[in-house]
1. Relative to the longest principal axis of chain B, what angle (0 to 90°, nearest 10) does the C-alpha long axis of helix B:259-268 take?
2. How much length, in nm to one decimal, is gained on full extension between A:Ser442 and A:Thr15, taken as 0.36 nm per residue of separation minus their Cα-Cα distance?
3. Count charges around B:Pro472 for me, please; just the other residues with Cβ under 15 Å from its Cβ, Lys/Arg as +1, Asp/Glu as -1.
4. Which lysines have a Cα less than 23 Å from the Cα of A:Lys47, not counting those fewer than 8 places away in the same chain?
5. One decimal, nm, shortest first: give the distances between the label point of B:Ser473 and those of the same position in the other copies, each label point 7 Å from Cα along Cα→Cβ.
6. Only Lys, Arg, Asp and Glu count, each charged at its Cβ (+1, +1, -1, -1), so figure out the dipole size of the stretch B:222-342 about its Cα centre, rounded to 20 debye.
7. Taking θ = phi - 60°, what integer Hz values does the Karplus form 6.51 cos²θ - 1.76 cosθ + 1.60 yield along the stretch A:159-164, in sequence order, with x for Gly and Pro?
8. May I ask you to evaluate 6.51 cos²θ - 1.76 cosθ + 1.60, the Karplus curve with θ = phi - 60°, for each residue of the stretch B:117-131 and list the ³J(HN,Hα) values in order in whole Hz, giving x for glycine and proline?
Protein chains: 2
Amino acid sequence: MSYSPADAAFAASLTASLPEGVLGPCAPRYLEEPRGRYQGQAGLLAKPNSTAEVATLLRAANAARVPVVPYGGGTGLVGGQVKPEGAAPLVISLERMSRIRAVYPQENVILAEAGAILADVQQAALEQERLFPLSLAAEGTARIGGNLATNAGGVNVLRYGNARDLCLGLEAVLPSGEIWNGLTRLRKDNTGYDLRNLLIGSEGTLGVITAAALKLSPIPAHQGVALFVVPSPEAAIALLALARDQLGEAVSAFELMHRQGLAFLAQHLPQLRQPFAQAPQWSVLIDLGLARGQDPVSALSDLFEAAVEAGLAEDGVIAQSKAQAQALWAVREQIPEANRLVGSIASHDISVPISVIPEFIRRGGEAIAALGQGDMRINCFGHLGDGNLHYNVFPAEGRSRTDYDDLRGAVKTVVHDLVQDMGGSFSAEHGVGRMKVADLQSYGDPVKLAMMQAIKQALDPRGIMNPGAVLPSLEP
Amino acid sequence: MSYSPADAAFAASLTASLPEGVLGPCAPRYLEEPRGRYQGQAGLLAKPNSTAEVATLLRAANAARVPVVPYGGGTGLVGGQVKPEGAAPLVISLERMSRIRAVYPQENVILAEAGAILADVQQAALEQERLFPLSLAAEGTARIGGNLATNAGGVNVLRYGNARDLCLGLEAVLPSGEIWNGLTRLRKDNTGYDLRNLLIGSEGTLGVITAAALKLSPIPAHQGVALFVVPSPEAAIALLALARDQLGEAVSAFELMHRQGLAFLAQHLPQLRQPFAQAPQWSVLIDLGLARGQDPVSALSDLFEAAVEAGLAEDGVIAQSKAQAQALWAVREQIPEANRLVGSIASHDISVPISVIPEFIRRGGEAIAALGQGDMRINCFGHLGDGNLHYNVFPAEGRSRTDYDDLRGAVKTVVHDLVQDMGGSFSAEHGVGRMKVADLQSYGDPVKLAMMQAIKQALDPRGIMNPGAVLPSLEP
């Protein structure tokens with residue numbers, strides 16, 4: 001398959017059909033991604049003002065077979081937003097389509113254009129006394145279209161689900177330039193195939209999402225936050241079950257932390273106050289969002305008592321104020337920054353079935369040690385309630401990540417092989433992008449891969465949408 | 001496209017590859033459906049014991065181009081389970097594949113084969129002190145594979161979602177006979193297109209679901225049930241928002257009832273005790289599932305007080321015991337039976353955005369009256385919290401439904417046109433099946449219909465899967 005580049009001739013062919021200022025050269029910042037692993041080819045950058053303009057762009061790109069890269073906030077971690085090889089693409093940034101079209105507080109629904117920044121969607125919901133629960137580190141920059149295209153996760157998945165679970169309807173432009181109007185606010189609609197969920201998580205390879213109808217929730221009346229020291233990952237899992245038995249859906253987040261992460265924090269961010277004098281081997285941060293009339297401190301005290309009784313907790317701190325709650329969350333939230341300052345050999349965004357997490361942690365440690373350099377440090381932490389762990393491997397104290405350059409590939413393979421063996425996923429939250437295309441080919445179910453190829457061929461027969469992302473590039 | 005029938009020659013071609021007793025003639029009960037509108041063609045009936053046998057059957061059917069009708073519990077209401085015209089099909093009943101393969105209480109996951117009866121899945125969850133929340137009238141007969149294939153709804157959608165929202169992974173056989181192993185128990189997995197949701201709700205037109213990983217929930221510690229009299233549908237919607245503000249996700253069901261339904265009950269099921277001496281114009285049944293430490297009667301009393309204060313409730317009954325709770329639910333649950341005894345001119349399973357429900361009710365009444373026979377009675381009731389109303393039109397007192405035979409089509413058109421105009425769906429819960437294929441063609445977004453056709457062609461190129469359901473039949 002041979003593409004045409006998004007060049008001056010292509011731009012010229014569009015001058016008559018687009019207002020001035022929509023199409024131009026591609027500024028460097030659209031060709032970079034946060035981890036600096038990929039550098040995009042410089043083609044053209046379009047900043048459409050409307051769904052109709054997106055349609056015009058795609059129709060032209062499809063006719064000329066120009067590759068298209070849809071662009072949200074550019075915060076993706078797997079290179080889905082840059083095309084480093086082959087024909088220079090048309091990058092379509094949705095940044096000008098950032099309106100909140102409407103909020104329906106009685107329906108718990110918000111209609112946002114794809115370019116709306118996640119934090120702005122949250123804010124628009126708050127103004128109507130509603131919660132848009134998708135929450136993640138990049139929320140001040142990420143745009144909702146990109147969140148949906150990558151089915152973003154974050155800290156509230158346990159209670160509210162992934163981006164997929166927060167979307168009722170989509171408006172999208174297909175590669176042909178046709179506009180699919182699926183922007184429904186309905187909770188129940190059984191009229192044909194689920195195209196919404198097909199586009200969600202397809203990472204820009206099937207079309208461009210231009211707007212979404214999103215689910216809101218009531219804002220919990222009270223927040224409760226605690227940090228419990230647990231004797232083991234097994235105990236953490238049993239504690240989660242106990243918490244849900246006692247508190248139902250009120251458990252909003254349940255985050256596992258290992259001593260290694262707290263040690264990195266103490267070393268590199270010493271100003272951050274840690275709740276325990278001696279960093280515990282394993283601890284969990286519990287976040288509750290409670291209804292009116294429920295008292296968070298007494299709910300967490302009851303849980304702590306029952307947990308101690310059952311041998312599931314050894315120590316604990318319950319936040320008595322909003323400031324204390326924030327301080328406990330800060331510990332969890334600063335771990336990635338401490339990791340960055342240490343510098344990992346390899347990081348993994350993996351998930352396994354919740355009940356096998358302890359076995360995964362044990363076998364992972366053994367497998368890393370068996371690589372021959374028994375000195376690597378492991379920081380395993382994350383969204384225990386979702387089975388989603390950040391499993392990061394670091395150099396021995398006093399050594400540098402470059403000392404392990406030869407081992408990086410082997411570490412990654414060991415972890416992903418183990419995940420595969422245990423029925424897990426090598427990409428829990430971040431998607432496939434370009435970085436994990438080979439992983440998907442090697443670990444993915446072959447029947448699934450064939451179905452994906454058939455669907456791609458059916459909906460994007462000229463292969464213009466984000467070529468080389470998710471599925472292997474067809475360019476020579 | 002011309003199909004071969006599932007006849008003796010086709011059966012003979014399979015004798016060597018299947019155990020005795022799997023393939024045979026099709027018993028009459030597999031050729032009927034609950035409303036008696038369709039009579040299936042008698043071809044062959046297969047009762048496979050395993051996924052591998054399903055694969056053998058589909059491979060042969062695909063090679064010979066024999067149409068296949070997947071069969072669950074046979075409780076569907078739109079004719080998706082019978083093929084009344086064209087080549088006689090191979091009916092594949094999953095009834096022998098009814099095992100619960102495993103329950104993972106710590107993960108809140110159950111693995112069930114597609115032929116497991118819904119009530120048995122609920123029971124297996126209960127035995128592990130977990131809730132499988134999908135609940136609907138046919139649960140004693142319906143099978144989980146069919147529930148997923150049709151994305152079934154029911155009374156707990158408000159809190160727990162549709163069947164789609166309760167499924168983590170699928171195992172399915174494609175028309176080619178290939179087995180897709182997507183039976184994951186993961187909560188987060190962003191590795192490629194969402195094939196699970198594509199199969200869910202596709203009504204057997206893309207493949208045969210053979211097993212599913214399903215989400216369980218903690219069992220709420222306390223149930224609270226009340227019936228509030230509301231001054232209007234507007235007030236009912238505001239009351240729902242108030243209830244969710246006060247109680248969060250604890251609101252499990254919120255059902256609107258109209259005086260007409262209570263009048264039908266009084267007339268045809270007089271033994272059923274009704275809570276109010278004078279049937280109210282509009283009332284809502286509220287069901288709460290509360291966590292430990294919460295008192296349902298005081299929660300509902302608080303809600304009632306606040307509702308009266310805000311002008312959203314005029315009278316109310318709060319169940320003080322399990323028996324009283326069941327008695328209140330019985331009122332709601334017997335309305336369909338009373339409807340059946342009266343005999344509707346036309347019934348509609350529709351949804352609209354929640355905030356336009358009052359306008360829909362008003363305009364619906366006017367449009368029905370404008371048909372010229374101002375005497376038709378309307379019973380509008382259902383899952384207010386999901387925007388899903390059962391909108392049923394009945395003859396005037398003393399007249400029979402056959403008196404309105406000429407009007408039936410017009411009534412249906414008027415209701416569906418109005419639903420379309422208000423951004424709603426002509427099939428909220430029941431699916432398209434064969435009954436609503438023409439509706440989907442006339443009301444469906446044309447770009448969506450084209451995408452559906454492209455996907456169908458890509459995944460079932462020989463068109464063997466449930467031909468004539470969802471998409472128009474290609475048979476002459």
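1. Value to nearest ten degrees: 80.
2. Separation in residues times 0.36 nm, less the Cα-Cα distance, equals 149.4 nm.
3. Counting the neighbours of B:Pro472, the net charge comes to 0.
4. Leaving aside lysines fewer than 8 places away in the same chain, those within reach of A:Lys47 are A:Lys83.
5. Nearest first, the other copies' label points are 5.0 nm away.
6. Roughly 460 debye, rounded to the nearest 20.
7. Running phi through 6.51 cos²θ - 1.76 cosθ + 1.60 with θ = phi - 60° gives 8, 10, x, 7, 3, 3 Hz.
8. Calculated HN-Hα couplings, in order: 6, 3, 4, 5, 5, 4, 5, 4, 5, 4, 4, 9, 6, 10, 10 Hz.
Taken together, the values in this text are just the output of simple stated rules run on the coordinates, not laboratory data. It should be emphasised that the depicted structure is a prediction, and the values quoted were computed from it without experimental measurement. Neighbour counts run over all protein chains shown; Cβ positions are idealised from the backbone, glycine included.
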